[in-house]
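A.B. asks: Dropping a structure here in structure tokens format, bear with me for questions.
The values are calculated or read from the model by the stated rules, or taken from the named source; none is laboratory data. Everything numeric here is computed off the predicted structure, so don't read it as measured data. Here Cβ is always computed from backbone atoms with ideal geometry, including for glycine, and neighbour counts include all displayed protein chains. All accessible areas refer to the heavy atoms of the entire protein, side chains included, with ligands and DNA or RNA removed. Shrake-Rupley method; radii C 1.70, N 1.55, O 1.52, S 1.80 Å.
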Amino acid sequence: MRPVYSVIVPCFNEEDVINETHSRLTNVMRSMSEPYEIIYVNDGSRDRTAHMIAETCNADKNVVLINFSRNFGQMPAITAGMEHALGDAVIVIDADLQDPPEVLPQMSELWKQGYDVVYGKRVKRKGESFLKKFTAKIYYRLLHRLTQVNIPVDTGEFRLIDRKVCDAVNRLGEKNRYIRGLVSWVGFKQIAFEFYREERFAGVTKYSLKKMIALAMAGITSFSYKPLKLATSIGFFISFCSFVYMIVILCQRIFTETTVTGWASTIGLILFTQGIVLMILGLMGEYIGRIFEEIKDRPIYLVQEIIGRDGDKND
Ligand code: UDP
Ligand code: MG
């Protein structure tokens with residue numbers, strides 16, 4: 001039977017939480033008394049995650065496991081889930097129970113009222129470091145200012161979307177996917193659903209600093225080229241300042257006895273401007289790198305096997 005709900009759970013080394021997540025999620029889904037499927041996407045875990053989910057698959061026919069050939073990242077994992085989902089409503093939820101499954105019936109209620117995207121908005125974040133919350137806050141606001149697309153602030157991947165939104169996002173061929181941005185970009189009728197973000201149930205974050213920076217860069221570079229324009233403004237500003245400074249030096253030379261001394265200030269200025277030039281070159285590199293990624297046209301992820309379904313969408 002075709003499910004009404006598809007729940008996508010990206011998992012990377014989540015052996016400490018996965019059983020608890022499954023039982024809480026199953027309780028909630030059963031209480032909604034409509035057919036559902038839970039798609040666990042194992043993103044190249046190196047622990048027992050895949051094994052544990054495969055066992056769940058054998059015991060529960062509502063469960064599908066997509067095993068990646070290696071670790072591709074959370075965005076590719078969600079993409080795979082969205083491409084394999086069969087439901088009329090597609091839900092994305094983290095494996096670590098930071099997004100409480102118990103609010104899904106309320107989110108589904110909004111969907112039934114006619115909203116196509118119900119996205120979780122974090123009003124409070126528990127158990128995360130001050131630095132993470134602070135940088136996240138600044139980042140979301142910066143992103144909001146930089147982009148033309150109205151990407152909502154304080155929103156992660158926890159959301160429920162209608163089939164037509166899922167299809168629309170699946171059609172976007174971008175490789176480096178910032179999914180919350182893509183979902184905003186496609187439009188349709190969207191609404192925020194406020195929730196308290198819980199502490200991770202067990203284990204540690206699977207987002208290293210490197211992965212977090214990469215995601216943050218993907219968000220900005222996919223949806224804005226204002227940083228490139230910044231280069232022009234900085235260039236103009238520096239040229240203007242140097243021009244004024246040159247006039248000052250010239251006047252000093254002509255009208256006063258003081259000659260310009262000191263190489264320290266010269267070196268300082270050179271290093272400063274060189275720093276800015278390098279920074280801007282690096283920024284441009286980010287964009288060129290993205291173009292390079294897109295042009296290579298490699299798949300976003302590779303599936304090793306699918307368990308719990310006959311391997312395709314049409315069973
Ligand atoms: N995740 C993933 N691949 C990765 C990193 C994370 O599939 O390379 C999953 C992870 O298992 C979890 C979700 O993405 O379900 C969010 O990760 P995490 O909770 O570690 O991030 P945080 O909440 O600390 O930002
Ligand atoms: Mg988490």
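A.B. asks: How many residues are within 12 Å of ligand 1 (Cβ to nearest atom) and not in a loop (DSSP other than H, G, I, E, B) if we restrict to segment 69-108?
C.D. replies: Number of matching residues: 9.
A.B. asks: Right, here's the next one. Scan (1) at pLDDT below 95; (2) touching an Asp or Glu at 6+ places or on another chain (Cβ under 7 Å); (3) more than 16 Å from ligand 2 (Cβ to nearest atom) for the single condition E15 breaks and write down its number.
C.D. replies: Of (1) at pLDDT below 95; (2) touching an Asp or Glu at 6+ places or on another chain (Cβ under 7 Å); (3) more than 16 Å from ligand 2 (Cβ to nearest atom), only one is false for E15: (3).
A.B. asks: Related question: State whether the residues of segment 42-49 include one that is basic (K, R) and within 16 Å of S6 (Cα to Cα).
C.D. replies: no
A.B. asks: Shifting gears a bit: Looking at segment 83-119, which of its residues are open to solvent by less than 10 Å² (accessible area, probe 1.4 Å), under 24 Å from D16 (Cα atoms) and of a type outside the set (V, I, T)?
C.D. replies: Selection gives A95, D96, L97, D99, P101, L104.
A.B. asks: Of these, E194, E199, which one is part of a strand (DSSP E or B) and surrounded by fewer than 19 Cβ atoms within 10 Å (Cβ to Cβ)?
C.D. replies: None of the others qualify; the one that does is E194.
A.B. asks: Here's another thing I want to ask about it. Considering segment 155-191 alone, what residues qualify as being farther than 30 Å from D297 by Cβ and crowded, with 19+ Cβ neighbours inside 10 Å?
C.D. replies: F158, L160
A.B. asks: When you scan segment 78-101, how many residues do you find that are of a type outside the set (A, V, I, L, M) and touching a helix residue (DSSP H, G or I) at 6+ places or on another chain (Cβ under 6 Å)?
C.D. replies: 3
A.B. asks: If N176 satisfies all but one of (1) in a loop (DSSP other than H, G, I, E, B); (2) out of contact with any Asp or Glu (no Cβ under 8 Å at 6 or more places or on another chain); (3) within 22 Å of P76 (Cα to Cα); (4) not hydroxyl-bearing (S, T, Y), what's the number of the condition it fails?
C.D. replies: The number of the failed condition is (2).
A.B. asks: Would you point out the residue of segment 120-149, among those that are among the β-branched types (V, I, T) and either exposed (fewer than 13 other Cβ atoms within 10 Å of the Cβ) or within 26 Å of G187 (Cα to Cα) (or both), that is nearest to ligand 2 (Cβ to nearest atom)?
C.D. replies: Checking each candidate, the answer is V123.
A.B. asks: Among the residues in segment 45-68, are any buried (at least 17 other Cβ atoms within 10 Å of the Cβ), of a type in the set (D, E), more than 14 Å from ligand 1 (Cβ to nearest atom) and not in a strand (DSSP E or B)?
C.D. replies: No: zero hits.
A.B. asks: Working carefully through the options Y287, Y245, find the one that is open to solvent by less than 70 Å² (accessible area, probe 1.4 Å) and among the aromatic types (F, W, Y).
C.D. replies: Selected residue: Y287, the only one of Y287, Y245 that is open to solvent by less than 70 Å² (accessible area, probe 1.4 Å) and among the aromatic types (F, W, Y).
A.B. asks: Going through K229, K211, K206 one at a time, which residue ends up being within 12 Å of ligand 1 (Cβ to nearest atom), assigned to a helix (DSSP H, G or I) and open to solvent by 20 Å² or more (accessible area, probe 1.4 Å)?
C.D. replies: K211
So that you can scan it fast, the table gives a plain yes or no per residue for (1) in a helix (DSSP H, G or I); (2) of a type outside the set (D, E); (3) touching a residue at least 40 places away in the same chain (Cβ under 8 Å):
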site: F237; (1), (2), (3): yes, yes, no
site: F240; (1), (2), (3): yes, yes, no
site: I247; (1), (2), (3): yes, yes, no
site: F272; (1), (2), (3): yes, yes, no
site: I276; (1), (2), (3): yes, yes, yes
site: M279; (1), (2), (3): yes, yes, no
site: E286; (1), (2), (3): yes, no, yes
site: Q304; (1), (2), (3): no, yes, yes
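A.B. asks: Which residues, taken from segment 122-143, are within 18 Å of L97 (Cβ to Cβ) and either more than 12 Å from ligand 1 (Cβ to nearest atom) or in a strand (DSSP E or B) (or both)?
C.D. replies: R122, V123, K124, R125
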